[in-house]
1. So, of the residues in segment C:25-41 that are within 7 Å of chain D (Cβ to nearest Cβ) and of a type in the set (S, T, N, Q), which turns out to be nearest to residue D:3 (Cα to Cα)?
2. Whether any residue in segment B:74-84 is under 30 Å from residue B:269 (Cα atoms), out of contact with any Asp or Glu (no Cβ under 7 Å at 6 or more places or on another chain) and among the small types (Gly, Ala, Ser) is what I want to check.
3. For segment D:3-24, does any single residue satisfy the condition of being of a type in the set (S, T, N, Q), facing another protein chain (nearest Cβ under 9 Å) and free of Cβ contacts under 8 Å to residues at least 12 places away in the same chain?
4. Considering only segment D:123-162, state which residues are surrounded by fewer than 20 Cβ atoms within 10 Å (Cβ to Cβ), over 29 Å from residue A:313 (Cα atoms) and charged (D, E, K, R).
5. Is it the case that residue A:29 is of a type in the set (Gly, Ala, Ser) and touching a strand residue (DSSP E or B) at 6+ places or on another chain (Cβ under 8 Å)?
6. Filtering segment D:202-230 down to residues that are buried (at least 24 other Cβ atoms within 10 Å of the Cβ) and of a type in the set (Gly, Ala, Ser), which residue is nearest to the chain's Cα centre (by Cα)?
7. Kindly list the number of the only condition in (1) touching a strand residue (DSSP E or B) at 6+ places or on another chain (Cβ under 8 Å); (2) under 30 Å from residue B:235 (Cβ atoms) that fails for residue D:170.
There are 4 protein chains.
Amino acid sequence: MTNRRGFASDNQAGVLPEALAAMAAANGGHAPSYGADAWTARMQERFREHFGAGARAFPVFNGTAANVLAIEALTQPWEAVICARSAHMNMDECGAPERAGRKLLIADAPDGRLTPELAAPLVARVGDEHAVQARVLSITQSTELGTLYEPDEIAALADWAHGAGLLLHVDGARICNAAAALGVPLRAITVDVGVDAVSFGGTKLGLLGAEAVVLLRDDVGDGFLYRRKQAMQLASKMRFVSAQLDALLSGDVWLRAATHANAMAARLAAAVGGVAGVRITQAVRANAVFAVLEPAATQALQREWPFYVWDEATGEVRWMTAWDTAPEDVDAFAAAVRSATGSGPPRR
Amino acid sequence: MTNRRGFASDNQAGVLPEALAAMAAANGGHAPSYGADAWTARMQERFREHFGAGARAFPVFNGTAANVLAIEALTQPWEAVICARSAHMNMDECGAPERAGRKLLIADAPDGRLTPELAAPLVARVGDEHAVQARVLSITQSTELGTLYEPDEIAALADWAHGAGLLLHVDGARICNAAAALGVPLRAITVDVGVDAVSFGGTKLGLLGAEAVVLLRDDVGDGFLYRRKQAMQLASKMRFVSAQLDALLSGDVWLRAATHANAMAARLAAAVGGVAGVRITQAVRANAVFAVLEPAATQALQREWPFYVWDEATGEVRWMTAWDTAPEDVDAFAAAVRSATGSGPPRR
Amino acid sequence: MTNRRGFASDNQAGVLPEALAAMAAANGGHAPSYGADAWTARMQERFREHFGAGARAFPVFNGTAANVLAIEALTQPWEAVICARSAHMNMDECGAPERAGRKLLIADAPDGRLTPELAAPLVARVGDEHAVQARVLSITQSTELGTLYEPDEIAALADWAHGAGLLLHVDGARICNAAAALGVPLRAITVDVGVDAVSFGGTKLGLLGAEAVVLLRDDVGDGFLYRRKQAMQLASKMRFVSAQLDALLSGDVWLRAATHANAMAARLAAAVGGVAGVRITQAVRANAVFAVLEPAATQALQREWPFYVWDEATGEVRWMTAWDTAPEDVDAFAAAVRSATGSGPPRR
Amino acid sequence: MTNRRGFASDNQAGVLPEALAAMAAANGGHAPSYGADAWTARMQERFREHFGAGARAFPVFNGTAANVLAIEALTQPWEAVICARSAHMNMDECGAPERAGRKLLIADAPDGRLTPELAAPLVARVGDEHAVQARVLSITQSTELGTLYEPDEIAALADWAHGAGLLLHVDGARICNAAAALGVPLRAITVDVGVDAVSFGGTKLGLLGAEAVVLLRDDVGDGFLYRRKQAMQLASKMRFVSAQLDALLSGDVWLRAATHANAMAARLAAAVGGVAGVRITQAVRANAVFAVLEPAATQALQREWPFYVWDEATGEVRWMTAWDTAPEDVDAFAAAVRSATGSGPPRR
């Protein structure tokens, strides 16, 4: 086990200094548990700044919980969620949405991005008691493939969804990366364009087990506090979760961290994009680079650098950057890529 | 909102310096996520030291999750859990066990402590398809009422349970307090006396969202990793959870913290035990004092000091001490109790 | 296996001739499935006659399904149901309510009958996210112990429940027996006294797998058709279920069947009530007789007659009568009771 | 509402005379409830005759219940079921499998028939805690599209499934139609070719709410009786369900009924197959005909004859025949098809 900063996942990065400092600063004396503390109140204020005066944030421990609780809050048990095949809730949550009783309706989206056209066929058999009723459209921003929705694309999805009787949920495990890449505030890709609920991600950006369900409309989320408790997501020492979220959303902490991670992906893409034997497969917009390599090259690289093969069949790999990825990490890795693909001398 | 150290809950205390330091120390570079890291391996080693070579520990975020996952792992959907009426899983988890599909069978235990005699009537209708089948006996150590099971009492419960075809689970949200109070190692009240699974509590003793399901026999827990993920309890940056548990169980950290908290409760009990208008209702063994006061005295006290009324009907209150409760806190509070009950001058 | 008509359960009786005839009559040609048929429309009309113009009936296959679907329809996942310990949903449904995610809050009611005083302590911690929120009061009419609620007792329970923010559900597996015994129409113990939902029982009165959830207020039951389908309770050939319910509720079929069953219980109680060695333990109001016998007498009786021991500890037995119990069955059984208890010559 | 025998669904047909007669014959006196009766014992014997000495049959009320209980019995909560997109459990059960906590993994199969090649990509990420683990392959025989698996095709699927660590389930809502069409006994397409569990369908063939889960191997189904009760599928008057299944599987009742229904589909296909404006889209093997018509023709036909449009987008319709479809029904309908498509004179 090495502490080398690799390209396996932003989840493998450590904790932002600002988050650790916020926890240490919150560590004086006693404070009300379960959210009735000053840090949680400040955190709520931060979410209102970034997501509008009507935003209600509910800290939870991880992204799976944020997603499952968000869709539970937006649906009845017989209502279903439309998402892309690549969606985290479909691929990587071990059936937690279904464990909670919700059926997912899957659309194929080669670049991870849904459109009204892709989603529309899944709104079917409305009122037919034999069929689940589509109620939520869930998109991921930035997507699991490192691609982005433009604000007007989200607006169009929201318009379509609302017209079809659906609510729009954003899995924002990397929403800060998305906003940073687009150069817009968080509200420009959420509340301002019709999003109804967000799974706000802090962990991949450097927090320690701190995410939040953010509800953006008044008429959803009845009893959410009970749901969160039942889902085993109520932190007793919540001040330490809230303090981190507060720190991330204060000043430009989130923006700097996300911008840096994105820049490292861009640097990597630039460094390997022209290399023979490397074919970049998705637009590099946030903090991921997807590329196809020869298996032999991949295996050689993996001996030294941690990263994941995304698709064994095609040889596609995923390289993630993080808030703490250094330019030298990227340069060393790019050199290793060149070397493994036979396109350059090994880095000395 | 005040940072005064009150007597509301050990959950309102902050984080042990050792835990914060462990997190900071773990914060170098990247590490494999989801538990494949060095800190988690060390944490497993600690649990084996304290709970025997066969112990398998699975970190989760909070005590409700530890309880629910433990009982899910020990049961089939049609099997039930016997617990005391006062059990956290019955009273304070918002129906999370039932949300997971498990029925609780409730025994009345005035001091929070079950016995084979109290539990036996709930093992009934064995093999009758119309009735859930009792499969787990769950006890809490130390109990929600601050009382304790002696090692031989647990052994007797385990013998009875196993003889009746049940497994024995310990909700150990405060198991370190119990071991410290009894002056025995953790294994003496768990693996050595026949316990099959433990919800190991770290949070109430000063960790930041770090608990663990500890399975103590080989033939339970198939697929537990999947269950944990489905239950939304898999930490991506698990090293920071594991590092805390490792720190707590290294050297005498757990023992000092628990011993101190217990001592503060004893100090409080000693200070107010003889006060007119204060009737201590439960044996003070761990870090809780239960007492009955006049409502007027309670209300006067609560204006200055946070604590909970346990039973509105009887006027019973609960005073919890924590790892960070100072002797001066106790003395000041005891003086306030004397004053509020008209038994002494206000402390100057 | 014998076809002797015993006293084990009204579930062991056969099918009413009227029900068989109704099924045969419905068996001409094709009819829309899943309830869009003429028989189901007529059945709905019958329920409106008996339960008021606002009644909506949803056929299901058995009483457990009626209960579970009724309480699901009346609650959110974090809301709980108050019922008597003896309630079928607590004792005899193998945890089906909990499997559906609902916690039951249990009140002890020695005669199976709840009162506001018994239920009130279970409405606690309102608004506390750590506790399930009581939302439904469920009573059984006639009770599992053969006792009855008077109309004004139900009215008082409804008033109390509504005042406390609860809805009132009646498990009416034997509601026709109750109405017959009280000499009132079905509406006098349901819609007219504030009941919000009924599990209407047909099977125990002689139908073949035909029960119904009857919702009595407009503001509950959103999406009930989907819930029923998800709960695997939607009959494709529903006309045959509806035709039976229609037959039962047409003319005085239900009243005659129930009155007869009740009368047989009264006859039995009269015949054995004064027998030495037989102590009747519950008021005999509907179609059940509960009595305590010596174990030896019980065992002797069971060699010839099927019936259940209700409580092994006390020696209490349950004798149920049914729509098809004949006076001679009662007389023969009463003679056997006298003989087994040593109080009379064996019947010649 | 008409009693005309149309082509909407075999669920719209009535009840086989043999089934009604069996229920009437079972209606003498009392019998043990919940399956401890002589009819259920005989029914078990029938299933052993048809599905092998190791077969265990569990009556349930409908096909959705049979499917959900079968897959629950074959899986752990984190295990998934591979099925065709057209599978009833995916399309027509309102998410009941997901309500029970099981994720379905969907393969596209244009004719409703899975192959190892179609299923294999869904067995992925074995041992990865972030992904559900494929455990069951579920096929439908005859399929929802009226097509069939040959015995050797099922054998190949079973071989592949077992080799991949999966169990093979057959949704046999119309399995009698399939066996009749193939001219083989029921065991030739189930136990003899490696099938592990069957949802045996009686309702579509003329029973009144009588299906069965049939487990074909000893090492699955622990606690199935409890599961069935929890799933609200335990019939108290089970003799009337079992008597029907017994009647269907006695002598050649099932074979005659299924053969007839199949023959009527073949007759219809022959009559309209060559008609201009009618394109039959699936092989007509069992009791369904799928065809594409002009929407105007479909609408004209539907004014007189009940049937379903299967796919609004393509204009594909489904015509089902049943045990009671008469040759004259087919001929009249075929004439109407010719007329509606402008290919012949209206029937006089």
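The values are calculated or read from the model by the stated rules, or taken from the named source; none is laboratory data. Remember, predicted model here, so these are calculated numbers, not experimental data. Note that each Cβ is placed from the backbone with ideal geometry, even for glycine, and that neighbours are counted across all protein chains shown.
1. Filtering segment C:25-41 for residues within 7 Å of chain D (Cβ to nearest Cβ) gives C:27-33, C:37-38.
Subsequent filtering for residues that are of a type in the set (S, T, N, Q) retains C:27, C:33.
Working: C:27: 10, C:33: 12 Å.
Among residues in segment C:25-41 that are within 7 Å of chain D (Cβ to nearest Cβ) and of a type in the set (S, T, N, Q), the one nearest to residue D:3 (Cα to Cα) is C:27.
2. Keep residues of segment B:74-84 that are under 30 Å from residue B:269 (Cα atoms), which gives B:83-84.
Cutting the leftovers down to out of contact with any Asp or Glu (no Cβ under 7 Å at 6 or more places or on another chain) gives us B:83-84.
Narrowing further to those that are among the small types (Gly, Ala, Ser): B:84.
Looking for residues that are under 30 Å from residue B:269 (Cα atoms), out of contact with any Asp or Glu (no Cβ under 7 Å at 6 or more places or on another chain) and among the small types (Gly, Ala, Ser), one finds at least one in segment B:74-84, hence yes.
3. Narrowing segment D:3-24 to residues of a type in the set (S, T, N, Q): D:3, D:9, D:11-12.
Filter again for facing another protein chain (nearest Cβ under 9 Å), leaving D:3, D:9, D:11-12.
This time we only want the ones that are free of Cβ contacts under 8 Å to residues at least 12 places away in the same chain, so: D:3.
Yes, there is a match, as at least one residue in segment D:3-24 is of a type in the set (S, T, N, Q), facing another protein chain (nearest Cβ under 9 Å) and free of Cβ contacts under 8 Å to residues at least 12 places away in the same chain.
4. Scanning segment D:123-162 gives D:150, D:152.
5. Numbers: of a type in the set (Gly, Ala, Ser): yes; touching a strand residue (DSSP E or B) at 6+ places or on another chain (Cβ under 8 Å): no.
Answer is no for this residue.
6. Restricting to residues being buried (at least 24 other Cβ atoms within 10 Å of the Cβ) and of a type in the set (Gly, Ala, Ser), the top hit is D:202.
7. Here residue D:170 meets the rest and fails (2).
Results for (1) closer than 29 Å to residue D:70 by Cβ; (2) in contact (Cβ under 8 Å) with a residue 40 or more places away in the chain; (3) buried (at least 16 other Cβ atoms within 10 Å of the Cβ); (4) not assigned by TED's automatic domain parsing to the domain that holds residue D:202, shown as yes or no for each residue.
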{"position": "D:294", "(1), (2), (3), (4)": "no, yes, no, yes"}
{"position": "D:301", "(1), (2), (3), (4)": "no, no, yes, yes"}
{"position": "D:304", "(1), (2), (3), (4)": "no, no, no, yes"}
{"position": "D:310", "(1), (2), (3), (4)": "yes, no, yes, yes"}
{"position": "D:314", "(1), (2), (3), (4)": "no, no, no, yes"}
